[in-house]
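Note sheet for the following structure.
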Amino acid sequence: MVHFEQIDERKGFYKLLASIAIPIVMQHLINIGLNMIDTVMIGRLGESPLAAVGIANRLFFVFAVSCFGFYSGASVFVAQYWGIKDIKSIQKLLGIQVSVGLILSTFFFILFTLIPQQVMNLFIDDPLVIEMGVNYISIIRFSFLVTAISFAISFNSRSIHRIKVPTMINVIAIAINTFLNFVLIYGMFGMPALGVTGAAYATLIARIFEFFILLIYIYQSKDHPLAAKFKDLFSWNKALIKKVLVTSLPVFFNEIIWVVGTSVYFVAYGMIGPEAVAVVQVTFTISDFFQSLIFGMGGACAVMLGNELGKNNLELAYTYAIRFIKLTFFTALIMGALLYLARYPIIQFYDFKPETNQMLNYSLIVSAIYLMPKMQAYIIIIGILRSGGDTKFCMYLDFFFVWFVGVPIAFFTVLVLKWPIYFVLAAVFLEEVIKGTIVFKRVLSRVWLNNLTH
């Protein structure tokens with residue numbers, strides 16, 4: 001017999017899930033929608049421009065994931081401190097994140113200023129693609145600083161349940177980006193047709209706009225938890241920094257290991273040719289669109305479990321974790337089926353050659369098949385294990401599977417077996433299946449149920 005308390009608890013769970021997940025899903029859908037528009041607009045210029053932007057965005061992705069790694073580790077504390085409404089500690093944590101973001105943005109700005117061509121050359125040996133990619137990355141590097149701070153604000157907004165307005169700001173920024181893409185790529189309204197360079201300028205302008213509007217919103221809002229004075233942002237003590245670094249650095253290195261490793265996959269894909277890189281760019285963008293709902297669930301999972309762990313409700317946090325795993329399983333099955341069914345209309349958007357369209361078709365099928373196991377591993381690592389500070393385990397796991405399983409498989413299937421891109425993707429994605437089984441057992445062990453505020 002189901003008790004009324006259980007029904008109320010479930011209602012509360014789904015209500016809170018919706019309030020946190022829906023804005024995050026909207027953010028992902030908007031960002032991914034922009035990427036889809038970018039790939040369609042640039043894809044109509046040909047496979048080489050799309051390959052150039054795909055590789056350049058991969059380099060930006062390395063920077064973005066580096067920020068994400070540290071921020072997501074620190075946001076574990078923000079979620080738990082929000083559970084006990086410790087605003088001062090939250091503001092100090094934001095200051096630590098902003099400081100790390102400044103360091104990372106400076107490093108990547110210098111890297112892409114000094115040796116952009118050499119970095120692009122790691123991924124592909126095509127002079128035209130490299131030239132276009134260097135032009136793109138040389139422009140968007142000026143957005144790194146504002147992007148790092150905007151990311152920090154967005155991550156902490158999720159943890160304190162104030163994500164709606166930042167989401168709307170994100171919507172406006174992306175609308176501006178999309179409009180400027182149309183104007184600058186094709187040369188509308190009397191503007192010159194800049195192609196790939198126009199797409200870069202559109203991105204730069206939109207990110208600067210988003211940064212300033214976010215700051216205005218936070219500091220004009222009444223009693224916003226993130227509206228800290230300068231001295232409150234940077235009044236850390238050694239104990240807090242040590243506590244944050246112990247948990248955050250493994251997540252940071254985890255994301256670095258993962259993003260560099262998966263970027264090395266792109267080196268293997270580039271050996272097949274520009275068409276393969278273009279196909280992977282489109283496949284990943286489309287897959288992300290169908291995974292957006294689960295990305296939102298992952299963000300909500302981390303916040304909700306973190307809040308309960310901060311209040312020392314360990315059993316309720318475990319109940320939430322199992323519930324999220326079940327939700328992810330059924331949601332991912334449905335999304336995978338929808339991706340499979342939608343692949344033909346998607347392909348029609350792109351002005352590719354017939355043989356490239358065939359590669360894209362098969363790659364989308366592979367992505368649809370693997371969507372469920374990939375998302376199960378995602379929700380457990382990002383949403384569950386990290387919420388309790390089990391970050392070292394996640395780091396070691398990703399290091400092993402990316403570098404000792406995924407990377408060797410990618411190069412072996414490309415260089416030795418000479419497989420087409422869709423078979424290579426199918427082989428590489430196998431590591432997600434094995435990893436998902438291991439992390440599920442980790443959840444059941446309960447070792448991740450930790451209150452980090454003590």
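All of the numbers you see were taken from the coordinates with simple rules; none came from a lab. Predicted model only: the values in this text are computed from it and were never measured. A quick note on method: Cβ atoms are made from the backbone with ideal geometry, for glycine too, and the neighbour counts reach across all protein chains shown.
Just a few scattered comments:
- Looking across the stretch 139-154 at every residue that is more than 19 Å from Val78 (Cβ to Cβ) and touching a residue at least 40 places away in the same chain (Cβ under 8 Å), the one that is surrounded by the fewest Cβ atoms within 10 Å (Cβ to Cβ) is identified as Phe142.
- Residue match in the stretch 411-431 (condition: over 22 Å from the mean Cα position of the chain (by Cα) and of a type in the set (Gly, Ala, Ser)): yes
- Complete set of residues in the stretch 175-202 that are touching a residue at least 24 places away in the same chain (Cβ under 8 Å) and more than 23 Å from Val134 (Cα to Cα): Ile176
- The helices (runs of 4 or more DSSP H) found entirely in the stretch 353-447 that carry 1 or more residues being of a type in the set (A, V, I, L, M) and within 30 Å of Leu245 (Cα to Cα) are 354-378, 391-401, 407-411, 430-445.
- Single residue of Tyr340, Tyr265 found to be of a type outside the set (S, T, N, Q), over 30 Å from Val119 (Cα atoms) and more than 15 Å from the chain's Cα centre (by Cα): Tyr340
- Screening Pro345 against (1) part of a helix (DSSP H, G or I); (2) touching a residue at least 12 places away in the same chain (Cβ under 8 Å) leaves a single unmet condition, (2).
- Among the residues making up the stretch 260-283, a single one is of a type outside the set (Ser, Thr, Tyr) and under 16 Å from Ala377 (Cβ atoms): Gly261.
- Test: residue in the stretch 42-52 that is of a type in the set (A, V, I, L, M, F, W, C), surrounded by fewer than 18 Cβ atoms within 10 Å (Cβ to Cβ) and outside any helix (DSSP H, G or I): no
- Residues of the stretch 214-246 that are within 26 Å of the chain's Cα centre (by Cα), within 30 Å of Ala173 (Cα to Cα) and outside any loop (DSSP other than H, G, I, E, B): Leu214, Leu215, Ile216, Tyr217, Ile218, Leu233.
- Residues located in the stretch 260-319, provided they are in contact with a Gly (Cβ under 6 Å, 6 or more places away or on another chain), of a type outside the set (A, V, I, L, M) and part of a helix (DSSP H, G or I): Gln281, Gly298, Cys301, Asn307, Gly310
- Only one of the listed residues (Phe179, Phe209, Phe189) is assigned to a loop (DSSP other than H, G, I, E, B), aromatic (Phe, Trp, Tyr) and out of contact with any Asp or Glu (no Cβ under 8 Å at 6 or more places or on another chain). That residue is Phe189.
- Elements of type helices (runs of 4 or more DSSP H) contained in the stretch 115-160, each with 2 or more residues being within 30 Å of His224 (Cα to Cα): 144-159
- Any hit, the stretch 299-318, residues being touching a Lys or Arg at 6+ places or on another chain (Cβ under 6 Å), closer than 24 Å to Val414 by Cα and touching a residue at least 24 places away in the same chain (Cβ under 8 Å): no
- Unique residue being aromatic (Phe, Trp, Tyr), more than 30 Å from Leu449 (Cβ to Cβ) and buried (at least 23 other Cβ atoms within 10 Å of the Cβ) when the list is Phe70, Phe123, Phe77, Phe107: Phe123
- Pairs meeting the criteria (first residue in the stretch 74-93 and over 11 Å from Gly310 (Cβ atoms), second residue assigned to a loop (DSSP other than H, G, I, E, B) and of a type in the set (D, E, K, R), beta carbons under 9 Å, at least 6 apart or on different chains) are Gln91/Lys229.
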